[in-house]
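Before any comments, here is the structure.
The values are calculated or read from the model by the stated rules, or taken from the named source; none is laboratory data. Worth saying up front: this structure is predicted, and the values here are computed from it rather than measured. Positions of Cβ are backbone-derived with ideal geometry, glycine not excepted, and every protein chain shown enters the neighbour counts.
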Amino acid sequence: MGLFDKLRAELIDIIEWVDDSRTTLAWRFPRYQNEIKQGAQLIVRPGQLAVFVHRGQLADVFEPGTHTLNTQNLPILSTLAGWKYGFNSPFRSEVYFVSTRQITDLKWGTPNPIMLRDADFGPIRLRAFGTYAIKAQDPRALLKELVGTDSEVDVEEIGELMRSIITSAFADMIGERKISAIDLAAHYRELSEDLRKVVQERIDDEYGLEIPALFIVNISLPEEVEKAIDTRSSMGVIGDMNKFQQFQFGQAIREGANNPAGGGAAEGLGLGMGFAMAGRMLNQPGFGFPGGATGAPPPLPGAVPWHVAMNGQSGGPFAPEQIQQGIASGEITRETMLWTPSLSAWTPAGQIPQWQGAFNASPPPPPPPVPPTAPSAN
(Lines give C-alpha, C1' and ligand atoms only; values in the text may rest on other atoms or scores of the structure.)
Protein backbone atom coordinates (compact mmCIF):
# COMPACT_ATOMS: atom_id res chain seq x y z
CA MET A 1 0.00 0.00 0.00
CA GLY A 2 1.44 3.37 -1.03
CA LEU A 3 1.68 6.46 1.08
CA PHE A 4 -1.31 8.15 -0.58
CA ASP A 5 -3.40 4.96 -0.25
CA LYS A 6 -2.62 4.84 3.47
CA LEU A 7 -3.58 8.46 3.96
CA ARG A 8 -6.74 7.92 1.96
CA ALA A 9 -7.70 4.96 4.21
CA GLU A 10 -7.33 7.12 7.33
CA LEU A 11 -9.84 9.65 6.05
CA ILE A 12 -13.52 9.17 6.83
CA ASP A 13 -15.77 9.54 3.82
CA ILE A 14 -19.08 8.05 5.11
CA ILE A 15 -20.64 8.86 8.48
CA GLU A 16 -23.81 6.95 9.48
CA TRP A 17 -25.51 5.11 12.36
CA VAL A 18 -27.43 1.86 11.97
CA ASP A 19 -29.35 1.56 15.25
CA ASP A 20 -30.58 -1.94 16.12
CA SER A 21 -30.93 -1.51 19.88
CA ARG A 22 -34.25 0.42 19.96
CA THR A 23 -33.31 1.74 23.43
CA THR A 24 -30.36 4.01 22.60
CA LEU A 25 -30.91 7.76 22.91
CA ALA A 26 -27.52 9.05 21.71
CA TRP A 27 -24.47 7.48 20.04
CA ARG A 28 -21.08 8.94 19.12
CA PHE A 29 -19.61 8.03 15.74
CA PRO A 30 -16.29 6.20 16.39
CA ARG A 31 -13.69 8.35 14.62
CA TYR A 32 -10.60 6.81 16.30
CA GLN A 33 -8.52 9.97 15.73
CA ASN A 34 -9.21 9.78 11.97
CA GLU A 35 -10.05 12.93 10.09
CA ILE A 36 -13.20 13.68 8.09
CA LYS A 37 -12.37 14.63 4.56
CA GLN A 38 -13.97 17.42 2.62
CA GLY A 39 -17.00 16.22 0.70
CA ALA A 40 -17.64 13.25 3.02
CA GLN A 41 -21.17 11.82 3.01
CA LEU A 42 -23.29 12.15 6.16
CA ILE A 43 -26.28 9.77 6.16
CA VAL A 44 -29.01 10.58 8.70
CA ARG A 45 -31.84 8.06 8.70
CA PRO A 46 -35.48 8.74 9.64
CA GLY A 47 -35.85 9.03 13.41
CA GLN A 48 -32.31 10.44 13.80
CA LEU A 49 -30.51 13.75 14.11
CA ALA A 50 -26.76 14.30 13.72
CA VAL A 51 -24.90 16.88 15.81
CA PHE A 52 -21.33 18.08 15.22
CA VAL A 53 -19.27 18.94 18.31
CA HIS A 54 -16.01 20.85 17.85
CA ARG A 55 -13.66 20.99 20.83
CA GLY A 56 -16.54 20.66 23.33
CA GLN A 57 -18.79 23.19 21.62
CA LEU A 58 -22.05 22.27 19.91
CA ALA A 59 -22.02 23.08 16.21
CA ASP A 60 -24.28 22.17 13.29
CA VAL A 61 -27.34 19.87 13.49
CA PHE A 62 -28.43 17.76 10.50
CA GLU A 63 -31.92 16.32 9.97
CA PRO A 64 -32.71 13.05 8.10
CA GLY A 65 -31.22 12.83 4.61
CA THR A 66 -27.87 12.48 2.84
CA HIS A 67 -25.57 15.47 3.25
CA THR A 68 -22.26 16.33 1.57
CA LEU A 69 -20.03 18.00 4.13
CA ASN A 70 -18.61 21.31 2.93
CA THR A 71 -18.43 24.92 4.03
CA GLN A 72 -21.97 25.71 2.95
CA ASN A 73 -23.69 23.18 5.26
CA LEU A 74 -21.24 23.53 8.17
CA PRO A 75 -21.57 27.26 8.91
CA ILE A 76 -21.29 26.99 12.69
CA LEU A 77 -18.39 24.55 12.54
CA SER A 78 -16.63 26.83 10.01
CA THR A 79 -16.95 29.73 12.43
CA LEU A 80 -15.72 27.70 15.41
CA ALA A 81 -12.76 26.33 13.42
CA GLY A 82 -11.86 29.72 11.99
CA TRP A 83 -12.40 28.74 8.35
CA LYS A 84 -12.89 32.22 7.02
CA TYR A 85 -12.56 31.16 3.41
CA GLY A 86 -13.85 27.58 3.67
CA PHE A 87 -11.74 24.48 4.02
CA ASN A 88 -10.02 22.26 1.51
CA SER A 89 -8.34 19.82 3.87
CA PRO A 90 -9.64 17.07 6.20
CA PHE A 91 -10.83 18.16 9.66
CA ARG A 92 -11.51 16.62 13.07
CA SER A 93 -14.90 16.83 14.75
CA GLU A 94 -17.05 14.61 16.93
CA VAL A 95 -20.37 13.52 15.45
CA TYR A 96 -23.26 12.44 17.72
CA PHE A 97 -26.39 10.74 16.46
CA VAL A 98 -29.54 11.32 18.53
CA SER A 99 -32.59 9.08 18.22
CA THR A 100 -35.82 11.06 17.84
CA ARG A 101 -38.24 8.13 17.67
CA GLN A 102 -40.37 7.02 20.60
CA ILE A 103 -38.99 4.48 23.05
CA THR A 104 -42.08 2.77 24.45
CA ASP A 105 -43.17 0.34 27.16
CA LEU A 106 -41.05 1.92 29.88
CA LYS A 107 -42.19 1.23 33.45
CA TRP A 108 -42.62 3.58 36.40
CA GLY A 109 -43.91 3.04 39.93
CA THR A 110 -43.87 4.43 43.46
CA PRO A 111 -40.99 2.78 45.38
CA ASN A 112 -42.65 3.70 48.70
CA PRO A 113 -46.32 4.28 49.62
CA ILE A 114 -47.65 7.83 49.37
CA MET A 115 -49.37 9.07 52.54
CA LEU A 116 -52.68 10.86 51.94
CA ARG A 117 -55.71 11.97 53.94
CA ASP A 118 -58.82 10.38 52.43
CA ALA A 119 -62.34 11.69 53.01
CA ASP A 120 -63.74 8.17 53.62
CA PHE A 121 -60.90 6.26 55.31
CA GLY A 122 -58.80 8.99 56.88
CA PRO A 123 -54.98 8.71 56.56
CA ILE A 124 -54.13 5.99 54.02
CA ARG A 125 -51.17 4.86 51.93
CA LEU A 126 -51.32 4.56 48.13
CA ARG A 127 -49.09 2.84 45.61
CA ALA A 128 -49.22 3.41 41.85
CA PHE A 129 -47.50 2.10 38.74
CA GLY A 130 -47.81 2.52 34.99
CA THR A 131 -45.99 2.89 31.67
CA TYR A 132 -44.63 5.76 29.62
CA ALA A 133 -42.87 6.55 26.31
CA ILE A 134 -39.96 8.94 25.79
CA LYS A 135 -38.19 10.59 22.86
CA ALA A 136 -35.50 13.22 22.30
CA GLN A 137 -36.92 16.64 21.50
CA ASP A 138 -33.92 19.00 21.74
CA PRO A 139 -30.62 17.27 20.84
CA ARG A 140 -28.53 20.19 22.07
CA ALA A 141 -30.05 20.10 25.58
CA LEU A 142 -29.82 16.30 25.63
CA LEU A 143 -26.10 16.30 24.73
CA LYS A 144 -25.35 19.08 27.18
CA GLU A 145 -27.26 17.78 30.23
CA LEU A 146 -27.27 13.97 29.87
CA VAL A 147 -24.70 12.77 27.35
CA GLY A 148 -21.61 14.82 28.10
CA THR A 149 -18.57 12.83 26.94
CA ASP A 150 -20.25 9.39 26.97
CA SER A 151 -19.94 7.45 23.74
CA GLU A 152 -23.44 6.00 24.14
CA VAL A 153 -26.47 6.76 26.32
CA ASP A 154 -29.17 4.13 26.77
CA VAL A 155 -32.65 4.91 28.08
CA GLU A 156 -32.00 2.69 31.11
CA GLU A 157 -29.28 5.09 32.22
CA ILE A 158 -31.89 7.80 32.77
CA GLY A 159 -34.65 5.41 33.87
CA GLU A 160 -34.14 6.10 37.58
CA LEU A 161 -34.21 9.84 36.93
CA MET A 162 -37.45 9.58 34.96
CA ARG A 163 -39.13 7.36 37.56
CA SER A 164 -38.21 9.83 40.31
CA ILE A 165 -39.64 12.76 38.34
CA ILE A 166 -42.89 10.90 37.55
CA THR A 167 -43.32 9.68 41.14
CA SER A 168 -42.75 13.14 42.57
CA ALA A 169 -45.19 14.70 40.11
CA PHE A 170 -47.79 12.00 40.86
CA ALA A 171 -47.55 12.60 44.63
CA ASP A 172 -48.00 16.35 44.18
CA MET A 173 -50.93 15.92 41.80
CA ILE A 174 -52.83 13.27 43.78
CA GLY A 175 -52.42 15.31 46.97
CA GLU A 176 -53.85 18.44 45.35
CA ARG A 177 -56.83 16.69 43.74
CA LYS A 178 -58.15 15.16 47.00
CA ILE A 179 -60.06 12.47 45.09
CA SER A 180 -61.57 9.74 47.29
CA ALA A 181 -59.68 6.43 47.09
CA ILE A 182 -62.86 4.64 45.98
CA ASP A 183 -63.28 7.06 43.05
CA LEU A 184 -59.68 7.02 41.77
CA ALA A 185 -60.30 4.30 39.17
CA ALA A 186 -62.89 6.49 37.44
CA HIS A 187 -60.24 9.19 36.87
CA TYR A 188 -57.33 7.13 35.49
CA ARG A 189 -57.50 8.65 32.00
CA GLU A 190 -57.78 12.21 33.27
CA LEU A 191 -55.03 11.74 35.85
CA SER A 192 -52.74 10.08 33.29
CA GLU A 193 -52.93 12.99 30.87
CA ASP A 194 -52.52 15.59 33.60
CA LEU A 195 -49.52 13.70 34.99
CA ARG A 196 -47.94 13.55 31.52
CA LYS A 197 -48.25 17.32 31.16
CA VAL A 198 -46.70 17.98 34.56
CA VAL A 199 -43.77 15.67 33.82
CA GLN A 200 -43.33 17.22 30.37
CA GLU A 201 -42.99 20.67 31.92
CA ARG A 202 -40.21 19.42 34.19
CA ILE A 203 -38.05 17.75 31.53
CA ASP A 204 -38.53 19.49 28.16
CA ASP A 205 -36.30 22.54 28.65
CA GLU A 206 -33.93 21.00 31.15
CA TYR A 207 -33.17 17.64 29.50
CA GLY A 208 -34.45 18.08 25.95
CA LEU A 209 -36.84 15.11 26.27
CA GLU A 210 -40.51 14.64 25.42
CA ILE A 211 -43.12 12.36 27.00
CA PRO A 212 -45.56 11.55 24.17
CA ALA A 213 -47.53 9.07 26.32
CA LEU A 214 -47.91 8.24 30.01
CA PHE A 215 -50.45 5.91 31.60
CA ILE A 216 -51.53 5.09 35.14
CA VAL A 217 -52.17 1.35 35.10
CA ASN A 218 -53.17 0.88 38.73
CA ILE A 219 -53.46 2.73 42.03
CA SER A 220 -53.56 0.21 44.88
CA LEU A 221 -54.59 0.55 48.53
CA PRO A 222 -53.17 -1.29 51.56
CA GLU A 223 -54.55 -4.80 52.03
CA GLU A 224 -56.47 -3.89 55.19
CA VAL A 225 -58.20 -0.98 53.43
CA GLU A 226 -59.16 -3.22 50.51
CA LYS A 227 -60.67 -5.71 52.98
CA ALA A 228 -62.66 -2.90 54.59
CA ILE A 229 -63.97 -1.86 51.18
CA ASP A 230 -64.94 -5.49 50.44
CA THR A 231 -66.78 -5.69 53.77
CA ARG A 232 -68.57 -2.45 53.06
CA SER A 233 -69.61 -3.70 49.64
CA SER A 234 -70.88 -6.97 51.12
CA MET A 235 -73.03 -5.07 53.62
CA GLY A 236 -74.50 -3.04 50.79
CA VAL A 237 -75.37 -6.22 48.87
CA ILE A 238 -76.99 -7.84 51.94
CA GLY A 239 -79.27 -4.86 52.53
CA ASP A 240 -81.36 -5.28 55.70
CA MET A 241 -78.86 -6.62 58.26
CA ASN A 242 -81.55 -7.57 60.81
CA LYS A 243 -83.39 -9.78 58.34
CA PHE A 244 -80.12 -11.34 57.24
CA GLN A 245 -79.16 -12.18 60.85
CA GLN A 246 -82.62 -13.60 61.53
CA PHE A 247 -82.18 -15.81 58.50
CA GLN A 248 -78.79 -16.97 59.81
CA PHE A 249 -80.30 -17.74 63.23
CA GLY A 250 -83.05 -19.76 61.61
CA GLN A 251 -80.52 -21.72 59.58
CA ALA A 252 -78.44 -22.47 62.68
CA ILE A 253 -81.49 -23.68 64.64
CA ARG A 254 -82.57 -25.92 61.78
CA GLU A 255 -79.10 -27.41 61.49
CA GLY A 256 -79.01 -28.00 65.23
CA ALA A 257 -82.41 -29.74 65.12
CA ASN A 258 -81.16 -31.99 62.31
CA ASN A 259 -78.12 -32.99 64.35
CA PRO A 260 -79.37 -35.31 67.10
CA ALA A 261 -75.78 -36.24 67.99
CA GLY A 262 -75.32 -32.81 69.48
CA GLY A 263 -77.07 -33.81 72.73
CA GLY A 264 -77.02 -31.24 75.50
CA ALA A 265 -74.69 -28.98 73.55
CA ALA A 266 -77.23 -28.75 70.75
CA GLU A 267 -79.99 -28.04 73.27
CA GLY A 268 -77.89 -25.30 74.86
CA LEU A 269 -77.20 -23.87 71.43
CA GLY A 270 -80.89 -23.94 70.68
CA LEU A 271 -81.67 -22.05 73.88
CA GLY A 272 -78.92 -19.52 73.19
CA MET A 273 -80.24 -19.03 69.69
CA GLY A 274 -83.72 -18.64 71.13
CA PHE A 275 -82.56 -15.94 73.54
CA ALA A 276 -80.65 -14.14 70.77
CA MET A 277 -83.58 -14.44 68.38
CA ALA A 278 -85.94 -13.13 71.00
CA GLY A 279 -83.65 -10.21 71.72
CA ARG A 280 -83.53 -9.28 68.02
CA MET A 281 -87.26 -9.66 67.59
CA LEU A 282 -88.24 -7.59 70.61
CA ASN A 283 -88.98 -4.57 68.45
CA GLN A 284 -90.18 -6.43 65.35
CA PRO A 285 -93.90 -6.18 64.55
CA GLY A 286 -96.00 -9.17 65.39
CA PHE A 287 -94.06 -10.66 68.32
CA GLY A 288 -95.94 -9.16 71.25
CA PHE A 289 -93.15 -6.95 72.64
CA PRO A 290 -92.90 -3.18 72.66
CA GLY A 291 -93.52 -2.06 69.11
CA GLY A 292 -95.27 -5.35 68.22
CA ALA A 293 -98.69 -5.59 66.68
CA THR A 294 -100.20 -8.54 68.55
CA GLY A 295 -100.08 -10.14 72.00
CA ALA A 296 -97.67 -12.90 73.03
CA PRO A 297 -98.82 -16.47 72.28
CA PRO A 298 -100.24 -18.38 75.29
CA PRO A 299 -97.93 -20.84 77.08
CA LEU A 300 -98.21 -24.56 76.45
CA PRO A 301 -100.95 -26.35 78.44
CA GLY A 302 -99.76 -27.22 81.96
CA ALA A 303 -96.50 -25.23 81.64
CA VAL A 304 -95.72 -22.23 83.84
CA PRO A 305 -94.40 -19.43 81.58
CA TRP A 306 -91.18 -17.67 82.52
CA HIS A 307 -89.85 -14.40 81.17
CA VAL A 308 -86.20 -13.37 81.09
CA ALA A 309 -84.92 -9.76 81.20
CA MET A 310 -82.40 -9.24 78.40
CA ASN A 311 -80.79 -5.88 77.62
CA GLY A 312 -83.50 -4.04 79.52
CA GLN A 313 -86.34 -5.81 77.70
CA SER A 314 -88.47 -8.88 78.31
CA GLY A 315 -87.92 -12.11 76.39
CA GLY A 316 -90.15 -15.13 76.52
CA PRO A 317 -92.30 -16.85 77.50
CA PHE A 318 -90.02 -19.85 78.10
CA ALA A 319 -90.92 -23.25 79.50
CA PRO A 320 -89.29 -24.37 82.79
CA GLU A 321 -87.20 -26.89 80.84
CA GLN A 322 -85.72 -24.05 78.78
CA ILE A 323 -84.90 -22.09 81.94
CA GLN A 324 -83.21 -25.20 83.35
CA GLN A 325 -81.15 -25.57 80.16
CA GLY A 326 -80.25 -21.86 80.25
CA ILE A 327 -78.88 -22.24 83.79
CA ALA A 328 -76.94 -25.36 82.84
CA SER A 329 -75.36 -23.68 79.79
CA GLY A 330 -74.53 -20.46 81.67
CA GLU A 331 -76.91 -18.31 79.63
CA ILE A 332 -78.85 -17.58 82.83
CA THR A 333 -76.86 -16.60 85.96
CA ARG A 334 -77.89 -15.93 89.53
CA GLU A 335 -78.22 -12.22 88.71
CA THR A 336 -80.45 -12.75 85.64
CA MET A 337 -83.89 -11.26 86.35
CA LEU A 338 -86.83 -13.68 85.93
CA TRP A 339 -90.57 -13.24 86.22
CA THR A 340 -93.55 -15.57 86.26
CA PRO A 341 -97.20 -14.88 87.19
CA SER A 342 -96.60 -16.33 90.68
CA LEU A 343 -94.00 -13.62 91.42
CA SER A 344 -95.02 -10.11 92.36
CA ALA A 345 -91.98 -8.50 90.66
CA TRP A 346 -88.84 -9.27 88.64
CA THR A 347 -86.53 -11.35 90.84
CA PRO A 348 -82.90 -12.50 90.44
CA ALA A 349 -82.84 -16.17 89.47
CA GLY A 350 -80.59 -17.03 92.44
CA GLN A 351 -83.24 -15.81 94.88
CA ILE A 352 -86.09 -17.91 93.46
CA PRO A 353 -86.41 -21.14 95.51
CA GLN A 354 -87.39 -23.14 92.42
CA TRP A 355 -84.03 -22.43 90.73
CA GLN A 356 -81.65 -22.22 93.70
CA GLY A 357 -80.97 -25.92 93.51
CA ALA A 358 -80.13 -25.70 89.81
CA PHE A 359 -77.29 -23.29 90.55
CA ASN A 360 -75.94 -25.54 93.32
CA ALA A 361 -76.02 -28.69 91.22
CA SER A 362 -72.61 -30.24 90.62
CA PRO A 363 -71.63 -30.85 87.03
CA PRO A 364 -71.57 -34.52 85.96
CA PRO A 365 -68.22 -36.28 86.21
CA PRO A 366 -66.20 -36.77 83.01
CA PRO A 367 -66.96 -39.95 81.06
CA PRO A 368 -64.77 -42.99 81.76
CA PRO A 369 -61.81 -43.51 79.43
CA VAL A 370 -62.31 -45.74 76.43
CA PRO A 371 -60.68 -49.16 77.03
CA PRO A 372 -57.78 -49.89 74.68
CA THR A 373 -58.54 -52.09 71.70
CA ALA A 374 -57.08 -55.59 71.90
CA PRO A 375 -54.35 -56.18 69.29
CA SER A 376 -55.38 -58.20 66.29
CA ALA A 377 -54.35 -61.82 66.09
CA ASN A 378 -52.89 -61.20 62.67
**OP:** Could you list, in sequence order, all residues of segment 14-31 that are among the aliphatic types (A, V, I, L, M) and in contact with a helix residue (DSSP H, G or I) (Cβ under 7 Å, 6 or more places away or on another chain)?
**Re:** Leu25, Ala26
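Of the residues Leu209, Leu184, Leu146, Leu161, which single one is under 28 Å from Arg28 (Cα atoms) and either touching a Leu at 6+ places or on another chain (Cβ under 6 Å) or at pLDDT below 90 (or both)? First the steps, then the outcome.
Numbers: Leu209 fails: either touching a Leu at 6+ places or on another chain (Cβ under 6 Å) or at pLDDT below 90 (or both); Leu184 fails: under 28 Å from Arg28 (Cα atoms); Leu161 fails: either touching a Leu at 6+ places or on another chain (Cβ under 6 Å) or at pLDDT below 90 (or both).
Of Leu209, Leu184, Leu146, Leu161, the one residue that is under 28 Å from Arg28 (Cα atoms) and either touching a Leu at 6+ places or on another chain (Cβ under 6 Å) or at pLDDT below 90 (or both) is Leu146.
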**OP:** Please state which of the following conditions Pro46 fails to meet, knowing it meets all the rest: (1) modelled with pLDDT of 90 or more; (2) surrounded by fewer than 16 Cβ atoms within 10 Å (Cβ to Cβ); (3) assigned to a strand (DSSP E or B); (4) not assigned by TED's automatic domain parsing to the domain that holds Phe170.
**Re:** (3)
Original post:
Which one is farthest from Ala133 (Cα to Cα) among residues in segment 168-180 that are touching a residue at least 40 places away in the same chain (Cβ under 8 Å) and crowded, with 19+ Cβ neighbours inside 10 Å?
Top reply: Ile174
Subject >> Top-ranked residue of segment 306-319 - restricted to ones that are on the phi < 0 side of the Ramachandran plot and modelled with pLDDT under 85, ranked as farthest from the chain's Cα centre (by Cα) >> reply: Pro317
Original post:
Val61 versus (1) farther than 17 Å from Gly148 by Cα; (2) surrounded by 12 or more Cβ atoms within 10 Å (Cβ to Cβ): which is the lone unmet condition?
Top reply: (1)
**OP:** Take Ile158 and decide whether it is touching an Asp or Glu at 6+ places or on another chain (Cβ under 6 Å), surrounded by 14 or more Cβ atoms within 10 Å (Cβ to Cβ) and not in a strand (DSSP E or B).
**Re:** no
**OP:** Output the number of the condition that Ala296 fails; it satisfies all remaining conditions of (1) surrounded by 15 or more Cβ atoms within 10 Å (Cβ to Cβ); (2) touching a strand residue (DSSP E or B) at 6+ places or on another chain (Cβ under 7 Å); (3) among the aliphatic types (A, V, I, L, M); (4) at pLDDT below 85.
**Re:** (1)
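Kindly indicate whether Val153 is assigned by TED's automatic domain parsing to the domain that holds Tyr32, touching a strand residue (DSSP E or B) at 6+ places or on another chain (Cβ under 8 Å) and either assigned to a strand (DSSP E or B) or within 16 Å of Arg196 (Cα to Cα) (or both).
On the way: assigned by TED's automatic domain parsing to the domain that holds Tyr32: no; touching a strand residue (DSSP E or B) at 6+ places or on another chain (Cβ under 8 Å): yes; either assigned to a strand (DSSP E or B) or within 16 Å of Arg196 (Cα to Cα) (or both): yes.
The answer is no for Val153.
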Subject >> Among residues of segment 320-341, those that are modelled with pLDDT of 85 or more and part of a loop (DSSP other than H, G, I, E, B), counted >> reply: 7
**OP:** Identify, from the list Ala374, Ala349, the residue that is among the hydrophobic types (A, V, I, L, M, F, W, C) and at pLDDT 85 or above.
**Re:** Ala349
Original post:
Out of segment 101-129, which residues are surrounded by 16 or more Cβ atoms within 10 Å (Cβ to Cβ), at pLDDT below 85 and not in a strand (DSSP E or B)?
Top reply: Phe121
**OP:** For segment 26-42, name all the residues that are farther than 12 Å from Tyr96 by Cα and in a strand (DSSP E or B).
**Re:** Glu35, Ile36, Lys37, Gln38, Gly39, Ala40, Gln41
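Looking for something over 13 Å from Trp306 (Cβ atoms), without any contact (Cβ under 8 Å) to a residue 60 or more places away in the chain, assigned to a loop (DSSP other than H, G, I, E, B) and not hydroxyl-bearing (Ser, Thr, Tyr) - is there at least one such residue anywhere in segment 350-361? Steps first, answer last, please.
First pass over segment 350-361, keeping only residues over 13 Å from Trp306 (Cβ atoms): 350-351, 353, 356-357, 359-361.
Next, only the ones that are without any contact (Cβ under 8 Å) to a residue 60 or more places away in the chain stay: 350-351, 353, 356-357, 359-361.
Next, only the ones that are assigned to a loop (DSSP other than H, G, I, E, B) stay: 361.
Of the ones still in play, those that are also not hydroxyl-bearing (Ser, Thr, Tyr) are 361.
Yes: one or more hits.
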Original post:
Of the residues that make up segment 77-86, is at least one surrounded by fewer than 19 Cβ atoms within 10 Å (Cβ to Cβ), modelled with pLDDT of 90 or more and among the hydroxyl-bearing types (Ser, Thr, Tyr)?
Top reply: no
Original post:
Considering only residues of segment 154-193 that are touching a Gly at 6+ places or on another chain (Cβ under 9 Å) and among the β-branched types (Val, Ile, Thr), which is farthest from Ile219 (Cα to Cα)?
Top reply: Ile166
Original post:
Which one is surrounded by the most Cβ atoms within 10 Å (Cβ to Cβ) among residues in segment 17-39 that are more than 17 Å from Lys135 (Cα to Cα) and aliphatic (A, V, I, L, M)?
Top reply: Ile36
